[in-house]
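**Q** Below is the structure I would like to discuss, written out as structure tokens.
Coordinate-derived values only; no laboratory data. Just so you know, these numbers come straight off a predicted model, no measurement behind them. Here Cβ is always computed from backbone atoms with ideal geometry, including for glycine, and neighbour counts include all displayed protein chains.
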Amino acid sequence: MSAELVADLGGELQGPVYTKNEGETLALTGYDAVSYFNGDAPVEGSKEFRVRYQGFDYQFATAENAAIFQTDPAKYAPQYGGYCSWAIGANDALAPGDPTVYHIVDGKLYLNFSKDVAKRWTKDVPGFIEKGDKNYPTHDASEHYTS
């Protein structure tokens, strides 16, 4: 039996959201979106503390983190729907973002495919963000990464 939602915040998708498999709704592969911002390493969330935002489920390690997310979900949700920031910025492509390979830039969460890809991204963070911000909205919300 699945846990009940803590809250359904609604919201309209601005683009595709990465999930491990097409049709799934678990965002950030279950990692706690708020945990990225508290100064420690990100942690996996629990089904017990689940909040739906823009049709996708975010899990949290604590009720407190779930409550924090509810106050401003756009602040905590990953940029580009959790897809790889370098791929969107450099190639206008969808590639999975690894929730353990991340950067916080100007208070926003950016994921990358791997540590090697993140090294490429860090060579021109402002440029890749500028390009990613232009490229990501051109992708339909129904798109999903396929290898």
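**Q** Which of ASP106, ASP124, ASP32 moves the most in a Gaussian network model of the chain with Cα springs under 10 Å?
**A** Its mean-square fluctuation being the largest, the pick is ASP106.
**Q** Still on this structure, I have one more. When the chain is treated as a GNM, springs tying every alpha-carbon pair under 10 Å, which of GLY23, GLY132, GLY97 comes out with the largest mean-square fluctuation?
**A** Per the Cα network of the chain with a 10 Å cutoff, GLY23 tops the list.
**Q** Compute the distance from the alpha-carbon center of segment 80-147 to that of segment 5-41, in whole Å.
**A** Taking the Cα centre of each part, segment 80-147 and segment 5-41 sit 15 Å apart.
**Q** Most mobile of ALA90, ALA33, ALA41 per a Gaussian network model of the chain (Cα springs, under 10 Å)?
**A** With Cα springs under 10 Å in the chain, the top fluctuation among ALA90, ALA33, ALA41 is at ALA41.
**Q** Which net charge results when you count Lys and Arg as +1 and Asp and Glu as -1 among the other residues whose beta-carbon is under 9 Å from that of PHE69? Mind dumping the intermediate values first?
**A** On the way: positive: LYS75; negative: ASP32, ASP72.
Charge balance in the 9 Å sphere: -1.
**Q** Next question, about the same structure. For the charge dipole of the chain, defined by +1 on Lys and Arg C-beta atoms and -1 on Asp and Glu C-beta atoms about the Cα centroid, which residue among GLY45, TYR80, PHE69 has the Cα displaced farthest towards the positive pole?
**A** Projecting each Cα onto the dipole axis, the largest value belongs to TYR80.
**Q** Moving to a separate point now. What does the charge count near GLN54 come to, summing +1 for each Lys or Arg and -1 for each Asp or Glu among other residues with Cβ under 11 Å from its Cβ?
**A** On the way: positive: ARG52; negative: ASP8, GLU12, ASP57.
My count for the surroundings of GLN54 gives -2.
**Q** Also, quick follow-up: Rounded, prolate or oblate: which one fits segment 79-138, using the alpha carbon gyration tensor with axes a ≥ b ≥ c (rounded when a/c is under 1.5, else prolate when a/b beats b/c, else oblate)?
**A** Values: a/c = 1.28, a/b = 1.19, b/c = 1.08.
Rounded, since a/c falls under 1.5.
**Q** Another question, then. Considering the chain, what Rg and Dmax in Å follow from its alpha-carbon atoms?
**A** 14.3, 46
**Q** Tally Lys/Arg at +1 and Asp/Glu at -1 over every other residue whose Cβ is under 15 Å from the Cβ of LYS115; what's the total?
**A** Details: positive: LYS119, ARG120, LYS123; negative: ASP98, ASP116.
Every neighbour counted, the sum reads +1.
**Q** Once phi is turned into θ = phi - 60°, what whole-Hz ³J(HN,Hα) does the Karplus curve with 6.51, -1.76 and 1.60 give for every residue of segment 115-126, x standing for Gly and Pro?
**A** After applying 6.51 cos²θ - 1.76 cosθ + 1.60, I find 5, 5, 5, 4, 4, 5, 4, 6, 6, 8, 3, x Hz.
**Q** Now a separate question. A 26 angstrom limit on the alpha carbon distance is what I want to check against. Which of LYS20/LYS108; LYS47/LYS134; LYS20/LYS123; LYS20/LYS75; LYS75/LYS119 exceed it?
**A** On the way: LYS20/LYS108 22 Å; LYS47/LYS134 34 Å; LYS20/LYS123 28 Å; LYS20/LYS75 22 Å; LYS75/LYS119 24 Å.
From LYS20/LYS108; LYS47/LYS134; LYS20/LYS123; LYS20/LYS75; LYS75/LYS119, over 26 Å: LYS47/LYS134; LYS20/LYS123.
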